[in-house]
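Only one structure is covered here, and it is reproduced in the block below.
The values are calculated or read from the model by the stated rules, or taken from the named source; none is laboratory data. Being a predicted model, the structure only gives us computed values, none of them experimental. When we count neighbours, we look across all protein chains shown, and the Cβ atoms used for this are built from the backbone with ideal geometry, even at glycine.
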Amino acid sequence: MPSLLQGFNEITTVTPSLNIKLTVTDSALRFNKETAKALNYPAYVKVLINDRSKRIAITPCEKGDANAVRFSKEAEKQVLSITVKTPKVLAAVQPYFPLEEAPEGEVSYQSVKGNFYQRENVVIFNVADAVAGVMKHRGRRKGATVAAKAEDDAE
């Protein structure tokens with residue numbers, strides 16, 4: 001006997017307030033932790049590009065899937081943003097986000113907010129919404145590395 005509610009879809013009344021963001025630099029794609037949270041912290045994702053609409057999407061996948069890219073740790077271990085440095089992914093995505101020349105000690109970037117589509121379990125970033133900026137260089141600086149090496153050689 002068919003259910004009286006067959007064919008009905010539940011209306012979602014709670015909208016997650018996630019601040020999903022992708023930051024593109026010359027050396028990496030950085031997804032904030034909210035992106036991983038929205039997708040339920042997948043270990044691997046596929047990065048998809050729609051050239052016609054100028055949008056970038058990521059969707060969870062399995063390790064053995066073709067074009068799988070390492071992504072997140074488990075929820076309790078993923079405390080920072082996710083950095084993707086896979087050369088082919090960078091080469092495919094970076095042309096959509098042209099970067100300005102940055103002053104020494106700073107890094108040029110483009111940042112774009114994403115939208116999570118729960119039914120399809122996908123996050124989509126619209127390239128047209130990207131905002132350019134400059135931030136301080138993160139990590140060790142060349143000068144600091146050279147100075148540390150010089151100190152080691154002096155000992």
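One line per residue, one yes/no per condition, for (1) under 20 Å from ASN126 (Cβ atoms); (2) of a type outside the set (A, V, I, L, M, F, W, C):
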{"position": "ALA43", "(1), (2)": "no, no"}
{"position": "LYS54", "(1), (2)": "yes, yes"}
{"position": "ARG70", "(1), (2)": "no, yes"}
{"position": "VAL84", "(1), (2)": "yes, no"}
{"position": "ALA91", "(1), (2)": "no, no"}
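Specify the residue that is nearest to SER111 (Cα to Cα); the eligible residues are those in the stretch 38-62 that are of a type in the set (Gly, Ala, Ser) and buried (at least 18 other Cβ atoms within 10 Å of the Cβ). Explain how you work it out, then say what you get.
Initial filter on the stretch 38-62 (of a type in the set (Gly, Ala, Ser)): 38, 43, 53, 57.
From the residues that got through so far, the ones that are buried (at least 18 other Cβ atoms within 10 Å of the Cβ) too are 38, 57.
Numbers: ALA38: 18, ALA57: 14 Å.
Checked the stretch 38-62; the qualifying residue nearest to SER111 (Cα to Cα) is ALA57.
Among the residues of the stretch 138-149, are any in contact with a strand residue (DSSP E or B) (Cβ under 8 Å, 6 or more places away or on another chain), farther than 21 Å from LEU39 by Cβ, surrounded by fewer than 13 Cβ atoms within 10 Å (Cβ to Cβ) and at pLDDT below 95?
If we filter the stretch 138-149 for residues that are in contact with a strand residue (DSSP E or B) (Cβ under 8 Å, 6 or more places away or on another chain), which is where we start, we get 138.
Next, from what is left, pick out any that are farther than 21 Å from LEU39 by Cβ: 138.
In the following step, the residues that additionally are surrounded by fewer than 13 Cβ atoms within 10 Å (Cβ to Cβ) were identified as 138.
With the extra rule that they be at pLDDT below 95, the set shrinks to 138.
The answer is yes; a qualifying residue exists.
Of all the residues that make up the stretch 69-85, how many are hydrophobic (A, V, I, L, M, F, W, C) and either buried (at least 16 other Cβ atoms within 10 Å of the Cβ) or in contact with a Ser or Thr (Cβ under 6 Å, 6 or more places away or on another chain) (or both)?
First, the residues of the stretch 69-85 that are hydrophobic (A, V, I, L, M, F, W, C): 69, 71, 75, 79-80, 82, 84.
Pick out the ones that are also either buried (at least 16 other Cβ atoms within 10 Å of the Cβ) or in contact with a Ser or Thr (Cβ under 6 Å, 6 or more places away or on another chain) (or both) and you get 69, 71, 82, 84.
Counting residues in the stretch 69-85 that are hydrophobic (A, V, I, L, M, F, W, C) and either buried (at least 16 other Cβ atoms within 10 Å of the Cβ) or in contact with a Ser or Thr (Cβ under 6 Å, 6 or more places away or on another chain) (or both) gives 4.
Identify the single condition in (1) buried (at least 18 other Cβ atoms within 10 Å of the Cβ); (2) out of contact with any strand residue (DSSP E or B) (no Cβ under 7 Å at 6 or more places or on another chain) that THR35 does not satisfy, given that it satisfies every other one.
Here THR35 meets the rest and fails (2).
Please work out which residue is farthest from PHE116 (Cα to Cα), limiting yourself to the stretch 49-66 and to residues that are of a type in the set (A, V, I, L, M) and in contact (Cβ under 8 Å) with a residue 40 or more places away in the chain. Spell out how you get there, then give the answer.
Initially, the stretch 49-66 is screened for residues of a type in the set (A, V, I, L, M), giving 49, 56-58, 66.
Going one step further and asking which of them are in contact (Cβ under 8 Å) with a residue 40 or more places away in the chain, we end up with 49, 56-58.
Values: ILE49: 16, ILE56: 12, ALA57: 10, ILE58: 10 Å.
The selected residue is ILE49.
Where in the stretch 15-84 are there strands (runs of 3 or more DSSP E), lying wholly inside it, with at least 3 residues that are of a type outside the set (Phe, Trp, Tyr)? It would help to see each step written out before you state the result.
Details: elements: 21-24, 29-31, 44-50, 55-61, 82-84.
Strands (runs of 3 or more DSSP E) meeting the threshold: 21-24, 44-50, 55-61, 82-84.
Got a sec? Which of PHE116, PHE125 is within 16 Å of the chain's Cα centre (by Cα), within 16 Å of LEU29 (Cα to Cα) and not hydroxyl-bearing (Ser, Thr, Tyr)? Talk me through it step by step, then tell me what you get.
Details: PHE116 fails: within 16 Å of LEU29 (Cα to Cα).
Result: PHE125 is the single residue among PHE116, PHE125 that is within 16 Å of the chain's Cα centre (by Cα), within 16 Å of LEU29 (Cα to Cα) and not hydroxyl-bearing (Ser, Thr, Tyr).
Among the residues of the stretch 86-135, which ones are outside any strand (DSSP E or B), surrounded by 13 or more Cβ atoms within 10 Å (Cβ to Cβ) and touching a residue at least 24 places away in the same chain (Cβ under 8 Å)?
Matches in the stretch 86-135: VAL89, LEU90, ALA92, VAL93, GLN94, TYR96, PHE97, LEU99, ALA102, ASN121, VAL127, ALA130.
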